[in-house]
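Below you'll find the structure, written out as structure tokens, and then a few comments.
Bear in mind that the values in this text are calculations on the coordinates, not laboratory data. Owing to the predicted nature of the structure, the values given are computational and were not obtained by experimental measurement. Cβ sites come from the backbone with ideal geometry, for glycine too, and all protein chains shown count toward neighbours.
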Amino acid sequence: MELAKIDELVYSWMQRAREIILTGMQCTLTVTTKTSRNDLVTNMDRQVEQFYYQRIKAIFPASVILGEEAQHHPALVPGQGMLWVIDPIDGTMNFVRQRTDFATMIALFVNGRLVRGYILDVPRNELFWGGPGKAVYRNKQQLATPENVSLKDGLVQVSNRFILNDYAHSKAIINASSGLRVFGSAGISFIHLLTGRCILYMAKLKPWDFLPGVALAMGAGLQVGLLDNRPAKLEAISLAVTTPAAWPAIQRIMYGE
């Protein structure tokens, strides 16, 4: 199937997922924890992931699916066929506590190549989609390429864990910028990069958190840098996504040059 047809399918799936989420928000959520008291999962996370799983398998039965709430994950991207990476609700803490700044996200690999990312800002009903060689769209309108702003002239987004541990000299990077913003959702943070509101996002992320955004960042001409000195597999990695103009200054700070 052509990617343009897949784009239409995913758009319709995400609109339905949004309806499910908004309806669920009117009911009492079942909230449990995973790895820590701040790592939340709700009944809506599981319901939306199952919805995507059923829709994908109905049309692409041979697909491999990596979901945040699934029990079994592939270790590597398969070289043939389709791999779908799903984050049913990204920013679950925001979803539970604030009811805003959360997203639903999908990334798609075809024959081992990352070809699409989809991030739907659920409360605002804005779908950002595209990928390498495709450019990036907000709903039906193509986005302008983010302005190539330097580190000193841009706002940056750095995860709380990076700041507390000063990982990759993140405090010095923040001090060299125009200021810090923290949104609590990888998807929302990537949207701020794509729209030029911020010029850097640094965090350690799981594959369902970073792959949709990385696909879009590549389509938007942003720089994606791995901070772990290892190849990206289907596992958690630390990364920096930024404007090309800011990347040299960030590297100098990180490596003490």
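Peptide packing for 187-194, 107-114, 137-144, 125-132 was compared via the average number of neighbouring C-beta atoms within 10 Å per residue; ordered from the highest value, the list is 187-194, 125-132, 107-114, 137-144.
Label-to-label distance, Gln251 versus Glu8, with points set 7 angstrom from Cα along the beta-carbon direction: 4.3 nm. When the C-alpha to C-alpha distance is required to be over 26 Å, the pairs from Lys5/Lys204; Lys171/Lys206; Lys57/Lys204 that qualify are Lys5/Lys204; Lys57/Lys204.
Given R₀ = 51 Å, FRET efficiency for Met1-Leu164 by Cβ-Cβ distance, to 0.05?
Result of the calculation: an efficiency of 0.70.
Extension gain, Lys204-Gln50: 0.36 nm per intervening residue step, less the Cα-Cα distance, totals 52.9 nm.
Taking every DSSP beta bridge that has both residues in the chain, what percent is antiparallel when rounded to the nearest 5? Working shown, then result.
Working: 39 of 49 bridges.
Roughly 80 percent of the DSSP beta bridges within the chain come out antiparallel.
Between Ile59 and Asn148, what length in nm is gained on full extension when 0.36 nm per residue of separation is reduced by their alpha carbon distance? Walk me through the numbers on the way to the answer.
Details: separation 89, 0.36 × 89 = 32.04 nm, distance 3.98 nm.
Value of the extension gain: 28.1 nm.
Its residue count N sets the reference 2.2 N^0.38 Å, and the alpha-carbon radius of gyration of segment 148-257 equals 0.94 times that reference.
Note on segment 126-203: dipole from Cβ charges, positive end direction compared against Leu143, Ser178, Cys198; the farthest Cα belongs to Leu143. A straight chain from Met25 to Asn43 at 0.36 nm per residue would run longer than the Cα-Cα distance by 5.4 nm. Which percent of the Cα-Cα distances in the chain go past 22 Å? More than 22 Å apart: 53 percent of the Cα pairs in the chain.
Over 19 Å, how big is the tail of the calculated P(r) for segment 81-224, in percent of all Cα pairs? Could you put the intermediate results ahead of the total?
Values: 5185 of 10296 pairs.
Value for segment 81-224: 50 percent of Cα pairs lie more than 19 Å apart.
Radius of gyration over Kirkwood radius for segment 3-142, both on Cα atoms: the Rg/Rh ratio is 0.96.
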